[in-house]
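> Below is a structure I'd like to ask you about.
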Amino acid sequence: MKKLVIVICLIFGINSYAQNSEEEYLKLLEQAALDEEYIQFTKKVSDFYYSNENMYQKYYEETFFDKLGSENVKETCTMSVTEFKDWVSNNLSKTKFSSVEEAVSLHENFWKYDEIKRAFNKKIQPTEDMYKEKYGLVIHHNFTNVLLSGERSAYSKFIESKSL
């Protein structure tokens, strides 16, 4: 009988906890939806993730690393432009680059746009952390999933427009 009472308490406790968690989530979600500053923050983040700068970052990253080849990444990932130019001059055949000039151009553009994205992320990080704390990781995770899904869609359209 004692075991039965414990099992019943556990079942009701788990159900009550899950219900409270769902209620808490919905309450936080409603608060987030009514928070004009949070809405403006998510718009700012979305605008950047769907921007041409971010699309070019993804494009140059994808193109550069595809042509560089995964076996060469570790060796070259921290090289300056001059070092990379020397390396690619001696190792062009190990890559898919058509020329040293193409390799250097992609290298420069990759790092240029990567720095823009890193600067943006660094700038928003404190605010993002504050909202994670305020509204919880589940809401942040949901926003991030929607953001990344939209980014993939925007990137697909960006690639289509480049191939026309």
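Values quoted throughout were computed directly from the atomic coordinates according to the rules given, and no laboratory measurement underlies them. Keep in mind that what you see is a predicted model, and the values were worked out from it rather than measured. FYI the Cβ positions are ideal-geometry reconstructions off the backbone, even for glycines, and counts take in every protein chain you see.
> For the chain, would you read off the P(r) tail past 27 Å as a percentage of all alpha carbon pairs?
Numbers: 6669 of 13366 pairs.
Distances greater than 27 Å cover 50 percent of the Cα pairs.
> Take Met130, Met55 and order them by how many other Cβ atoms sit within 10 Å, fewest up front. Don't skip to the answer; put the middle values down first.
On the way: Met130 12, Met55 20.
Fewest-to-most ranking of Met130, Met55: Met130, Met55.
> Between helix 52-68 and the chain, what is the angle of the helix's C-alpha long axis to the longest principal axis, kept within 0 to 90° and rounded to the nearest 10?
Helix 52-68 sits at roughly 60 degrees to that axis.
> Next up: So which trypsin sites (Lys or Arg not before Pro) in the stretch 89-164 end up in coil per DSSP with only 15 or fewer other C-beta atoms within 10 Å?
On the way: sites: Lys94, Lys96, Lys112, Lys117, Arg118, Lys122, Lys123, Lys132, Lys134, Arg152, Lys157, Lys162; in loops: Lys96.
Passing sites in the stretch 89-164 are Lys96.
> In the structure shown, do any of Lys134/Lys157; Lys58/Lys94; Lys58/Lys85; Lys112/Lys157; Lys44/Lys94 have a Cα-Cα gap over 32 Å, and if so which?
On the way: Lys134/Lys157 34 Å; Lys58/Lys94 23 Å; Lys58/Lys85 22 Å; Lys112/Lys157 22 Å; Lys44/Lys94 41 Å.
Lys134/Lys157; Lys44/Lys94, as the Cα separations exceed 32 Å there.
> Can you tell me the relative contact order of the chain? Whole percent, Cα pairs under 8 Å, sequence separation 6 or more. Show your work: numbers first, answer last.
Details: 75 pairs, mean separation 49.8, N = 164.
Normalised by residue count, the contact order of the chain is 30 percent.
> Would you give the gap between the C-alpha center of the stretch 41-61 and the C-alpha center of the stretch 74-134, rounded to a whole Å?
After rounding, the separation between the Cα centres reads 16 Å.
> Excluding Ala103 itself, calculate the net charge of residues whose Cβ lies under 9 Å from the Cβ of Ala103, where each Lys or Arg counts +1 and each Asp or Glu counts -1. Show your work: numbers first, answer last.
Details: positive: Lys67, Lys85; negative: Glu101, Glu102.
Local net charge: 0.
> Per DSSP H run of n ≥ 4, the term is -39500 (n - 2.57); total these for the chain, divide by its residue number, and report the mean residue ellipticity at 222 nm rounded to 500 deg cm²/dmol. Provide the component values of the computation, followed by the final result.
Working: 7 runs with 145 residues, N = 164.
Estimated from H runs of four or more residues: -30500 deg cm²/dmol.
> With the crude spin-label approximation of a point 7 Å out along Cα→Cβ, what separation in nm comes out for Glu115 versus Leu147?
Result: 2.3 nm between the two label points.
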